[in-house]
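Since the structure comes first, as structure tokens, the remarks are kept for the end.
The values are calculated or read from the model by the stated rules, or taken from the named source; none is laboratory data. In this text, all values refer to a predicted model and were calculated from it rather than measured experimentally. All Cβ positions, glycine included, derive from the backbone under ideal geometry; neighbour counts span all protein chains shown.
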Amino acid sequence: MSDIKKVGVLGCGLMGSGIAQIAAQAGYETVVREVEQKFLDKGLAGIDKSLGKFVEKGKMQAADKDACIARLKGTTNLDDLADCDIVIEAIIENAELKKETYAALDRIVKKDAIFASNTSSLTITELSMATARPKQFVGLHFFNPVPLMKLVEVVRTILTSDESFNRAFAFAKSLGKEAVAARDNSGFIVNRLLVPYILDAIRAYEEGVGSIEDIDKAMMLGCGYPMGPFTLLDFVGLDTTYFITEVMFAEYQEKRFAAPPLLRKMVLAGRLGRNKTGTGFYDYSSGTPIPFDKAK
């Protein structure tokens, strides 16, 4: 356990609920805040379901689940985060909304608390400047699904103090995660390397190098990847990936970070991925994924 005792989480969606869950599982008193009760109820129900699966699989005792739930509090009031030692933001990827939220939090949360963002692409430095505590501001980039994925990227800006970074790094490890240190460059480590790979896969398809199915199969069997690039795109969300490319291209101005025409067209067509619309590069409506160019 790190020196952090109480954890605040902003957002109880897919990522926020996962972060709140693992914080409570690790023994931390945890407060998760949503803007509306209906979103909070949905997120908390998801946490209960997730913990229930651990119990069913024998990975957690029922008593431990109950203790975890008891450490978790939901709220729609920012004031309930006032005495948290760290607040992790996992709201929509909108820089202005995030900065407005941080500015409000800065007036509420105790002065020695650390602020962290789970953003996958926005600049941590920009977000930190909405507060009076940029030295206590870091990125904590978790991966989906948070309770299962082991990695956390701990991101420091040029202003982050050694003390704050070390506290955040120790906290990430206390959650049972593997932490890696990353600099505040768009995409950090994983997306900096992953996004060009995914975009190249789309370009390869556009250029006739191989079919969607064969490119996926080739990367799985040839490189040992658990899923091919198009299946991964559908899992992450095509709109999410498109947004990340926009941010990364704006920073680096390099073609490898630019969205291929097909990705933009898929997003415009409303094919956003498996979990969002049921269609992406594959159509999942029949139960067996069918590539979009073969679906009738």
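Observations, loosely collected:
- Residue count for region 7-57, restricted to those that are in a helix (DSSP H, G or I), touching a residue at least 40 places away in the same chain (Cβ under 8 Å), under 14 Å from residue 69 (Cβ atoms) and among the aliphatic types (A, V, I, L, M): 4.
- Checked against (1) of a type in the set (A, V, I, L, M); (2) modelled with pLDDT under 95; (3) crowded, with 23+ Cβ neighbours inside 10 Å, residue 127 passes all but a single condition, namely (2).
- Residue 161 being of a type in the set (Gly, Ala, Ser) and buried (at least 20 other Cβ atoms within 10 Å of the Cβ): no
- Members of region 162-197 that are small (Gly, Ala, Ser) and assigned to a loop (DSSP other than H, G, I, E, B): 176, 186, 187
- The condition of being over 23 Å from residue 149 (Cβ atoms), in contact with a Lys or Arg (Cβ under 8 Å, 6 or more places away or on another chain) and assigned to a helix (DSSP H, G or I) holds for only one of 200, 214, that being 200.
- Residue in region 67-74 that is assigned by TED's automatic domain parsing to the domain that holds residue 141, closer than 30 Å to residue 165 by Cα, without any contact (Cβ under 8 Å) to a residue 40 or more places away in the chain and not in a loop (DSSP other than H, G, I, E, B) present: yes
Residues checked against (1) within 24 Å of residue 152 (Cβ to Cβ); (2) buried (at least 20 other Cβ atoms within 10 Å of the Cβ); (3) of a type in the set (Asp, Glu):
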{"site": "192", "(1), (2), (3)": "yes, no, no"}
{"site": "210", "(1), (2), (3)": "no, no, no"}
{"site": "214", "(1), (2), (3)": "no, no, yes"}
{"site": "235", "(1), (2), (3)": "yes, no, no"}
{"site": "244", "(1), (2), (3)": "yes, yes, no"}
{"site": "247", "(1), (2), (3)": "yes, yes, no"}
{"site": "269", "(1), (2), (3)": "no, no, no"}
{"site": "281", "(1), (2), (3)": "no, yes, no"}
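- Long-range neighbours under 6 Å by Cβ, at least six apart or interchain, first residue under 19 Å from residue 208 (Cβ atoms) and part of a helix (DSSP H, G or I) within region 253-270, second at pLDDT 95 or above and not hydrophobic (A, V, I, L, M, F, W, C): 262/206; 263/242
- Looking across 236, 267, one residue alone is of a type in the set (A, V, I, L, M, F, W, C), within 21 Å of residue 120 (Cα to Cα) and at pLDDT below 95. It is 236.
- Residues of region 75-88 satisfying the condition of being within 22 Å of residue 41 (Cβ to Cβ) and buried (at least 22 other Cβ atoms within 10 Å of the Cβ): 81, 84, 87, 88
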